[in-house]
1. Taking R0 as 22 Å, what's the FRET efficiency between His163 and Lys2 from their Cβ-Cβ distance, rounded to 0.05?
2. Roughly what angle does helix 236-248 make with the longest principal axis of the chain, taking Cα atoms, 0 to 90 degrees, to the nearest 10?
3. Normalised by the number of residues in segment 241-309, what is the relative contact order in percent for Cα pairs under 8 Å and 6+ residues apart?
4. Can you give me the distance in nm between label points at Arg104 and Glu269, each placed 7 Å from the Cα along the Cα-to-Cβ direction?
5. Count the net charge of all other residues whose Cβ sits under 15 Å from the Cβ of Val302, scoring Lys and Arg as +1 and Asp and Glu as -1.
6. Provide the per residue accessible area, probe 1.4 Å, for the chain, rounded to a whole number of square angstrom.
7. Can you bin segment 3-113 into rounded, prolate or oblate? Criterion: square roots of the alpha carbon gyration tensor eigenvalues sorted a ≥ b ≥ c, rounded for a/c under 1.5, prolate for a/b above b/c, oblate for the rest.
8. Compute the distance from the alpha-carbon center of segment 300-354 to that of segment 62-125, in whole Å.
Amino acid sequence: MKNILLVEPKRSKKYHTTYPPLGLLKLSSYHKKRKDKVRLVSGFVDDGFKPDIIYITSLFTYAYEPVHDVINYYREKYKKAKIIVGGIYATLCPDHLKERFKDRIEIYRGLIDEVEDILPDYKLVPDCDSTILFSSRGCVRNCSFCSVPRIEPKFIPKKSIKHLIYPGHKKIILWDNNILASPYWENIFDELKEVNLTVDFNQGLDARLLTEKVAMRLKELKIPIVRLAYDTNSVRNAIKKAIDLLSDIGIRKRRILVYSLYNFSDNPEDFLNRIKDILEWGVVAYPMRYEPITPMPKNSYVSKNWTKEELEMIAKARRVIGYGGAFPPYEGLRKKILNAKNFKKAFELRPPLL
Ligand code: SF4
């Protein structure tokens with residue numbers, strides 16, 4: 001019997017997430033089955049528990065500092081414990097971690113096969129009322145701005161997800177990167193319909209795969225919001241078609257949210273045109289600022305076609321005239337953006353009246 005300490009870095013502005021640490025919850029189930037003693041902590045905790053193994057998780061690469069902070073704390077505190085660091089940052093930037101911590105930590109890259117199909121130990125997070133799961137891993141596409149092909153290089157679909165739904169939960173959040181590419185998507189939709197819980201396809205649906213049949217099946221599920229992504233001009237027609245299909249089956253346009261990437265190989269006018277399309281079509285636009293894989297503070301990367309000032313204009317407009325970071329198709333907001341001659345006019349804000 002071993003003592004297992006599961007560590008999530010301290011939540012803060014630098015390590016922001018509203019979800020429980022899914023990988024750690026799966027590791028808890030795995031170790032409890034082996035009769036090990038498990039403790040889950042967030043940040044720096046000293047309550048007398050003496051771990052044999054410490055697992056530390058990580059999020060996006062820009063959130064590396066809080067990960068380093070907990071590694072520092074626990075490696076000093078428990079000099080004999082084995083420390084294993086996994087998660088997104090560890091998978092994408094092992095050299096960055098190694099450089100800092102040399103041989104004191106083990107780096108685990110990618111998915112842990114042994115826990116992939118295990119029901120997470122939601123008992124550790126009693127306030128959570130949502131089951132988070134993957135009905136597939138990886139993606140069939142290889143978009144140049146996306147880290148999924150590097151984190152999960154193989155597309156692996158599951159036939160069933162019922163065993164991953166925690167009894168008593170009210171909602172199911174699917175973290176699939178591209179569920180509609182799964183050959184089993186209809187089986188998964190059948191199971192979602194059968195359990196009759198609220199469903200969130202959290203990472204968005206691939207508009208290119210959203211057919212009339214998919215739209216009809218979506219209508220059978222309890223989905224408060226449908227997410228799509230209009231990241232490049234090449235998907236324009238597919239996005240428009242998907243919105244029309246969703247609208248035709250009765251999904252209100254205010255419930256359709258379209259992510260739009262910027263600060264990658266696009267430029268401000270190109271981004272504006274995509275936002276104009278989205279608002280013209282009457283759905284909600286959600287700008288997504290590109291962050292590179294190389295670890296650097298959030299919002300510090302500026303791509304070659306953008307300036308810091310232009311990026312700041314979007315951030316400010318989202319705060320001031322947007323709602324929750326999004327641009328809903330409110331009449332005033334639509335008019336301002338649709339009538340704007342250029343990027344500057346679309347996102348500049350009036351100075352406050354003195
Ligand atoms: S379709 Fe989505 S998940 Fe797949 S590679 Fe492109 S951006 Fe990533």
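The values are calculated or read from the model by the stated rules, or taken from the named source; none is laboratory data. Remember, it's a predicted structure, so these values are computed and weren't measured experimentally. Backbone-built Cβ (ideal geometry, glycine too); neighbour counts: all protein chains shown. For the accessible areas, the whole protein counts, side chains as well, though only heavy atoms, and no ligand, DNA or RNA atoms are used. Shrake-Rupley method; radii C 1.70, N 1.55, O 1.52, S 1.80 Å.
1. So the FRET efficiency works out to roughly 0.25.
2. Tilt relative to the chain: about 90 degrees.
3. It comes to 36 percent, rounded to a whole number.
4. It is 5.3 nm.
5. -1
6. 51
7. Note, shape of segment 3-113 comes out rounded.
8. That distance is 38 Å.
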